[in-house]
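Chemist: One structure is given below, represented as structure tokens, and several questions about it will come after.
Please treat every number below as a calculation from the coordinates, not as lab data. In this text the structure is predicted, and so the values were computed from the model without any measurement. Cβ placement follows ideal geometry from the backbone for every residue including glycine, while neighbour counts extend to all protein chains displayed.
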Amino acid sequence: MENTLFRYSPSIKRPPIEWPNGARTAFWVGLNIEYYAIDKPSTSITPITATLVPDPLNYGWRDYGTRSGVWRTMQLLDRVGMRGSVLLNSDVCHYYPEIIEEGNKRGWVWLAHGKSNSILQANMELEEERRYLGDVVETIKRETGHQPKGWLGPALSETFNTPDLLAELGVEYICDWCNDDQPYPMRVKSGRMISVPYSIEVNDIPVFLDKGMEAEGFYRMIVDQFDVLHEEGGKVMAVALHPFLTGLPFRHKHLARALEYVAGHNDVWLATSDEIAAWYYDHCYDAAIK
């Protein structure tokens, strides 16, 4: 099957993006704040009990993120002058409203991230998905007071209809396709859509659960990724976090070192994903679609 969602565009054929105030790199933190059903298996620290209902071991491990980890991460972002770009399950608005309240106080932005991370939409039929996405976007808009402009699917899941349906709902960018260091246009039937760089490798889920990396290794990964992109210039760097992982004290310590390192550079734009998308639309989009 031919890919009709976006065209191939080699990076050597594109100029560096000129970011605000001469910044060499646009840097954003993608904070996944999610809801998990207590009676369905999901992301787990061990498979031994993952099929049990209830599963206190794995459910409790995930639940640490919204009870403790996110608040530690929030204080860190405050300290280094970064705002969260939250990949938000809409069910979080109902079950953990204090997170929405505190995020709004800090000017965090809210991206739609499905209803919960217990539901993946990859096999949804068109009208089922239209209803599902409409409910997700409307819930986030109503409960946060802000129209979500971005999207990340639970487990980066989509259908081939997802970009078109999101464009209908006023969503302007997608983060599921981790294939570039710059934003780029996506093809939709009506309206417009772009991809904004996210990361599936500089991401605590695969780093700690799949690769078994030590917390200090994640620090080194963030710093090395930043150094190369910053030297090249005109790129975007995203760090993907889940507060049930990097919100734990022994990992938080090394995450703090990494974010402090990035924030210590004068020529980096500590942005939100919404700001990066808006800048690209205003300064690069028209040339990119020609």
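Chemist: Using alpha carbon centroids, what distance separates segment 140-175 and segment 242-290, in Å?
Modeler: After rounding, the separation between the Cα centres reads 19 Å.
Chemist: Asp267 to Ile38: extension gain in nm, 0.36 nm per residue of separation minus the Cα-Cα distance?
Modeler: Between Asp267 and Ile38, full extension yields an extra 78.0 nm.
Chemist: Moving on. Suppose only helical runs count, i.e. DSSP H with n ≥ 4. What mean residue ellipticity at 222 nm does that imply for the chain under -39500 (n - 2.57) per run, divided by all residues and rounded to the nearest 500 deg cm²/dmol?
Modeler: -11000 deg cm²/dmol
Chemist: Let me ask something additional. Counting other beta carbons within 10 Å of each residue's own, what order do His94, His230 fall into, fewest first?
Modeler: Listing His94, His230 from fewest to most nearby Cβ atoms yields His94, His230.
Chemist: Sticking with the crude label model, points 7 Å out along Cα→Cβ, report the distance from Met1 to Asp227 in nm, one decimal please.
Modeler: Taking the two extended label points, one gets 4.2 nm.
Chemist: Please list the non-local residues whose amide H lies under 5 Å from the amide H of Ser118, H modeled 1.01 Å from N, same-chain partners needing a gap of 5 or more.
Modeler: It is Ala37, by chain and number.
Chemist: Quick one: net charge of Tyr36's neighbours, Cβ under 12 Å, K/R +1, D/E -1?
Modeler: Its environment carries a net charge of -2.
Chemist: Right, another one. For Thr159, list long-range residues whose amide hydrogen, built 1.01 Å from N in the peptide plane, is under 5 Å from its own amide hydrogen.
Modeler: Those lying under 5 Å, H to H, from Thr159: there are none.
Chemist: To continue, here is another question. Give the order of Val53, Val262 when sorted by the count of other beta carbons within 10 angstrom, beginning with the fewest.
Modeler: Listing Val53, Val262 from fewest to most nearby Cβ atoms yields Val53, Val262.
Chemist: Another question, then. At R0 = 25 Å, how high is the FRET efficiency between Arg220 and Asp180 if r is their beta carbon distance? Nearest 0.05 is fine.
Modeler: FRET efficiency, Arg220 to Asp180: 0.60.
Chemist: Got a sec? How would Thr46, Thr139 order by Cβ neighbour count within 10 Å, fewest to most?
Modeler: Neighbour counts put them in this order, fewest first: Thr46, Thr139.
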